[in-house]
């Protein structure tokens with residue numbers, strides 16, 4: 001594998017992280033500032049993302065996209081639907097932190113269930129992260145709405161399951177395209193069930209298209225392009241910036257409040273998970289690019 005100049009890797013990584021954080025900002029903007037309903041946002045996001053990835057996969061392989069499976073597609077659909085529904089109530093910052101915490105906790109829990117052992121600093125980090133999530137959800141004036149919070153936690157669990165299943169998948173682009181296509185089929189049935197509550201808006205449709213094509217589809221492709229040239233610890237560390245980027249974007253672009261509870265809980269969640277992830281990577285003498293796949297399901301949605 002030929003080396004890639006550091007500036008290019010840095011730029012690709014930065015663009016991918018901004019794209020992943022952008023999904024929260026785009027969804028929140030569409031649901032707050034336009035009349036587009038969350039189910040329609042989900043459908044447009046998945047359909048446009050599937051079409052983009054299918055075309056790109058065909059161009060790269062000279063054939064239509066293949067790969068993925070229905071179970072992974074169902075997990076992807078569950079994540080996308082709960083993600084959109086939760087942002088009817090949550091701010092971009094709170095949603096991104098809850099999503100990130102739920103994704104990583106799910107993946108850590110899976111590792112423990114499979115027999116992985118945690119060192120003392122990792123245990124302390126997990127306790128700290130769970131404490132941060134609890135503190136964020138604890139009733140109070142600045143607590144996020146419970147329904148929205150539970151939906152986002154469900155979205156995070158679904159994405160965690162999708163990520164775990166992705167560890168043993170094949171070509172990332174083909175697999176992602178196939179799963180997006182399957183998830184898109186499921187949105188058709190959801191729209192039929194929710195047909196009486198559908199509300200379209202030109203501005204909201206634009207937000208959803210940007211989320212599907214650029215923040216999701218192109219973001220994943222850019223991340224996969226940068227990932228082979230990042231160390232495992234580097235890839236794990238930079239993903240911690242996604243909820244931070246989303247939080248600052250919500251404050252400065254959407255005018256959302258930055259509360260003390262959010263700052264303290266967010267610090268505990270990010271700090272705790274960083275202890276778990278980074279300590280877990282210590283002692284690994286080498287990392288094959290393919291092994292980096294276990295990092296591709298982090299907080300990037």
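Where a number appears in this text, it was derived from the coordinates with a stated rule and is not lab data. Predicted, not measured: the structure shown is a model, and the values here were computed from it. Here the Cβ is made from the backbone with ideal geometry for all residues, glycine too, and neighbour counts use every protein chain on show.
Here are the numbers:
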quantity	calculated
Top of 95, 271, 219 by mean-square fluctuation, Gaussian network on the chain, Cα under 10 Å	271
Relative contact order, percent, region 38-295 [alpha-carbon distance under 8 Å, six or more residues apart]	39
Separation of the residue 55 and residue 127 label points, Cα + 7 Å toward Cβ, nm	5.3
Neighbour-count order for 238, 221, fewest beta carbons within 10 angstrom listed first	238, 221
Principal semi-axes in Å for region 113-212 [√(5λ), Cα gyration tensor, largest first]	32, 25, 12
Candidates 260, 51, 230, ranked by Gaussian network fluctuation over the chain, Cα under 10 Å, top entry	260
Dmax and Rg, reported as Rg then Dmax, of region 148-206 (C-alpha, Å)	14.9, 40
Orientation-averaged projected area, Cα convex hull of region 26-105 (nm²)	6.3
Residue 263 versus residue 189: modelled label distance in nm, points set 7 Å from Cα along the beta carbon direction	4.7
Among 213, 242, 188, residue whose mean-square fluctuation peaks in a GNM of the chain (springs only between Cα atoms under 10 Å)	188
Calculated diffusion of region 1-134, Stokes-Einstein form, Kirkwood radius summed over Cα pairs, 20 °C and 1.002 mPa s, µm²/s	120
Spherically averaged projected area of the chain from its Cα convex hull (nm²)	15.6
